[in-house]
Each structure stands twice: as structure tokens, then as C-alpha cells.
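The structure appears right after this line, and notes come after that.
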Amino acid sequence: MSKESAELHINFSVIQDNISYLKTHISDHTNFLSVIKANAYGHELEEFVLRLNDLTDGFAVVRLDEAMKIRKISNKPILLMQGVYQQNEIDQVIEHNLMTVLHTHEQINLYKDIQSKTKIWIKFNTGMNRLGFQVNEADQIQSFINDQNVLMTHLASSDVPSDPSNKKQMSKFQDLYDSFSTNPERSILNSSGVINFPSHAYDWVRCGIGLYGGVSGVTELKTAVTFKSKIISINKIKKGDAVGYGGRIRAKQDMSIAVVYCGYADGFPQSALDGTSVRINDREAIMFGRVSMDLITIDITHLNDVKFGDWVEFWSPQHSINKFADYNKLISYELMTRIDRRVRRVIYEN
């Protein structure tokens, strides 16, 4: 059985640097919540907590089982960002001292008995139109609006600062806050929001994708992983020859094609386009042919020194995941979280 495998090298020093950069945009008064849902966006949740616990004021996840994993190794605040929906889950919220989000009428009765026992984040819909109470429903949850709890919303287009929806949402959120006689804490910003609207950091920011370097156009935030695999064959093809399933692309000249031991079963997107940039021996090359379950083909015609066994980097701190995502009209979130468990993980710090 072959021991060859694609590899995902996770550099927690890069994540630490990314956190430090994001923190330069907020004041010491603002709490920094690290969003580590979906196994820390594929970056190994428990390793994140063990290595970076001292750099954050708390953690945010969606699933209760991930919150339990964090609580075993950290005493920091933990937020369940979509709340809970059953009594047995409420019991665990209290037992393990978790914060939880209230966003729908169906949760109100369930949450009534825990108001004095934990911090509740009340989510309002100011324009994202996914989760949250409508602003005109505030009187129905008035008992939850107090100095202990947190008023929150989520910006739909914080990564596009010129989008008029940002101003509308922030204005609506401010008007909502001003309508209360109490002074709940506030949270509105995610990673892009912290960079583009730091004056609205308030009491809590919720940073996720920025920790891992997935914010397009912000060069200070580096890709925290190297996703790579080895060349297992090099083929010479003639002008007019097709490569891969369906013969999607044909050679316009005689070419050298490297075959790389990775494919969509590893989490590499099957939809990746010809021309997608990769790195071999610190130089760029491009994909040539459709992605297979276990193989990717690369044009190395211009790289005379490439050989069997050389590593091909799909993305890395030196070759941004955002470049890959932008070219293929994908998002870095999806690329990070789709890497399969059969890909070997290597975890380290500089």
C-alpha cells in the first residue's frame, strides 16, 4: 500500500501573526472572539485552542460538540453562534458555562430560565436576512435586553466597504441600540469588518476567516497552511493531444505534463479551471486538464528542472489561497473546510 499522500502543513505562527494584525485595528476595550467553527476552518480546533488560547478573549463555534472540546482545555468564554434548540442542550450550556445566541421566537421560552445564568447574545436582522429578530420585534424580547447580555448583528458585505448596505446595517443597529433604556454590550464586526470599519468594534469582534489568511486583498494576512502533494509521473505529449477526462483541453504545442498525487477526493475542487496557478520549486506553473479523483495535471513545459517526487504547492503563505479562490470564482472558506481527513496533517510553529 502506498504511503504517499497530499499534505496540509498548518503553521500556527502565521495564525498568531494574523491575530496580531487584526488586533491592531481594535482597542484594548474590545474583546477578540476567535471563530473556530468547522474544526477551526479545517485548521484543527484543539490544536488552535492549545497553542493560541492566550491570544484570544474567547472562542465561537456552531456545534455543541466543538464547544465541549474547547471547554476541556480552556476556561475562556465560548459562544454558540446559532444557539441551541432543546432542553438537554440548555442544560449543557449551563453546566459548561457557555454563551449562546438567541435569534428566533422558538428559542424564547427555552432561554427564559437561563437569563441569570449565562451571557445571551441577542441577534437582530439588520439586512443579512438569514438569522435574527426583526428590529420591530424588539419589544417581544425586551426581558433579554440588559447590561449583561450582548446585542449583535452580522454585516452582509463587510468585505466590500463601499457597498451601501454596510452603512444601512450599521445605522439600523445604532438606532436599535439607542432605543433601549439599558446598555447591552454590542458586536457587529467580523474579520473584514474589523479591517474596514474599526470604529464599530464596540465590545466584541468575531474574527474567523482573517485568522487563517482568507481575506482577499489584505496582503498583511497570510495563508496559514501549505496544501501540497508530490509529482508521481511526468509525461511528454504532442501538439493536439488532449489531457484528462473529456479531453477538455488540447496541447497547442509539444508539452511536458506533471501528474500530481491529489484530487477531488482530497478536497481539491473538481471545478478548478485550466490555468489555475500552483508553485513548483518556488516557480509558478498552471493546471492543464480536468481534476480527477486522485490526480491533477500541471503544465511544466517551461520548467526544465522539475522531476519525479517534487512537491507542488496549491496554496501556501507564499502562494495565497485567495489567488486560487479568486481565479476559480470560489471562496477561501470552502477551500479551507473541504480538505479531506485522508490528507496528512503536519502541525508546527516557526
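The values are calculated or read from the model by the stated rules, or taken from the named source; none is laboratory data. Quantities reported herein were computed from a predicted structural model and do not represent experimental measurements. All Cβ positions, even for glycine, are placed from backbone atoms using ideal geometry, and neighbour counts span all protein chains on display.
Against the conditions (1) closer than 23 Å to A201 by Cβ; (2) part of a loop (DSSP other than H, G, I, E, B); (3) of a type in the set (S, T, Y), S5 satisfies every one except (1). The residues listed here are G217, G210; of these, the one that is under 27 Å from F48 (Cβ atoms), buried (at least 19 other Cβ atoms within 10 Å of the Cβ) and in contact (Cβ under 8 Å) with a residue 60 or more places away in the chain is G210. Scanning segment 259-314 for residues that are of a type in the set (K, R), farther than 16 Å from S233 by Cβ and out of contact with any Phe, Trp or Tyr (no Cβ under 9 Å at 6 or more places or on another chain) returns a single hit, R283.
Take R51 and decide whether it is in contact (Cβ under 8 Å) with a residue 60 or more places away in the chain and either surrounded by 15 or more Cβ atoms within 10 Å (Cβ to Cβ) or small (G, A, S) (or both).
Numbers: in contact (Cβ under 8 Å) with a residue 60 or more places away in the chain: yes; either surrounded by 15 or more Cβ atoms within 10 Å (Cβ to Cβ) or small (G, A, S) (or both): yes.
For R51, the condition - in contact (Cβ under 8 Å) with a residue 60 or more places away in the chain and either surrounded by 15 or more Cβ atoms within 10 Å (Cβ to Cβ) or small (G, A, S) (or both) - is met.
One line per residue, one yes/no per condition, for (1) touching a strand residue (DSSP E or B) at 6+ places or on another chain (Cβ under 9 Å); (2) on the phi > 0 side of the Ramachandran plot; (3) part of a helix (DSSP H, G or I); (4) at pLDDT 95 or above:
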site: I108; (1), (2), (3), (4): yes, no, yes, no
site: Y111; (1), (2), (3), (4): yes, no, yes, no
site: I122; (1), (2), (3), (4): yes, no, no, yes
site: G127; (1), (2), (3), (4): no, yes, no, yes
site: R130; (1), (2), (3), (4): no, no, no, yes
site: Q142; (1), (2), (3), (4): no, no, yes, no
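A count restricted to segment 219-244 and to residues that are modelled with pLDDT of 95 or more and over 15 Å from W315 (Cα atoms) stands at 14.
Exactly one residue among K37, K23 is assigned by TED's automatic domain parsing to the domain that holds S192, closer than 14 Å to Y212 by Cβ, among the charged types (D, E, K, R) and at pLDDT 95 or above, and that residue is K37. Just one of the numbered conditions (1) within 24 Å of Y41 (Cβ to Cβ); (2) touching a residue at least 12 places away in the same chain (Cβ under 8 Å); (3) not β-branched (V, I, T) is not true of K329: (2).
When we screen S191, S162, S143, S171 for residues that are among the polar types (S, T, N, Q) and in contact (Cβ under 8 Å) with a residue 40 or more places away in the chain, the only hit is S191. Pairs are defined by a Cβ separation below 7 Å, a sequence spacing of at least 6 or placement on different chains, a first member in segment 230-246 that is assigned by TED's automatic domain parsing to the domain that holds V259, and a second member that is among the polar types (S, T, N, Q); the pairs so defined are I234/S256; K236/S256; K239/Q253; V243/T297; G244/S292; G244/T297; Y245/S292. Yes or no: E4 closer than 30 Å to G263 by Cβ and modelled with pLDDT under 95? When the stated conditions are applied, E4 passes them.
Taking segment 149-179 as the region of interest, how many residues are closer than 15 Å to I122 by Cβ and either of a type in the set (V, I, T) or surrounded by 14 or more Cβ atoms within 10 Å (Cβ to Cβ) (or both)? Working first, answer last.
Taking segment 149-179 as the starting set, the residues that turn out to be closer than 15 Å to I122 by Cβ are 149-154, 172-173, 176-177, 179.
From the residues that got through so far, the ones that are either of a type in the set (V, I, T) or surrounded by 14 or more Cβ atoms within 10 Å (Cβ to Cβ) (or both) too are 149-154, 172-173, 176-177.
Final tally of qualifying residues: 10.
Could you say which residue among G267, G247 is over 30 Å from R51 (Cα atoms) and of a type in the set (G, A, S)? Working first, answer last.
Working: G267 fails: over 30 Å from R51 (Cα atoms).
Every option except G247 fails the conditions.
Residues that are under 22 Å from the mean Cα position of the chain (by Cα), in the same structural domain as R344 (by TED's automatic domain parsing) and either surrounded by 21 or more Cβ atoms within 10 Å (Cβ to Cβ) or not acidic (D, E) (or both) do occur in segment 278-292, at least one of them.
Could you please find all residues in segment 54-79 being in contact with a Lys or Arg (Cβ under 9 Å, 6 or more places away or on another chain) and either outside the structural domain of P184 (by TED's automatic domain parsing) or farther than 16 Å from H96 by Cβ (or both)?
Within segment 54-79, L55, T56, D57 qualify.
Among residues belonging to segment 296-312 that are crowded, with 21+ Cβ neighbours inside 10 Å and of a type in the set (A, V, I, L, M, F, W, C), point out the one that is farthest from Y261 (Cα to Cα). Filtering segment 296-312 for residues that are crowded, with 21+ Cβ neighbours inside 10 Å and of a type in the set (A, V, I, L, M, F, W, C), the one farthest from Y261 (Cα to Cα) comes out as I300. If you go through segment 172-197 and keep only what is assigned to a helix (DSSP H, G or I) and either within 21 Å of the chain's Cα centre (by Cα) or of a type in the set (D, E) (or both), you end up with D175, D178, S191, S192, G193, V194, I195, N196.
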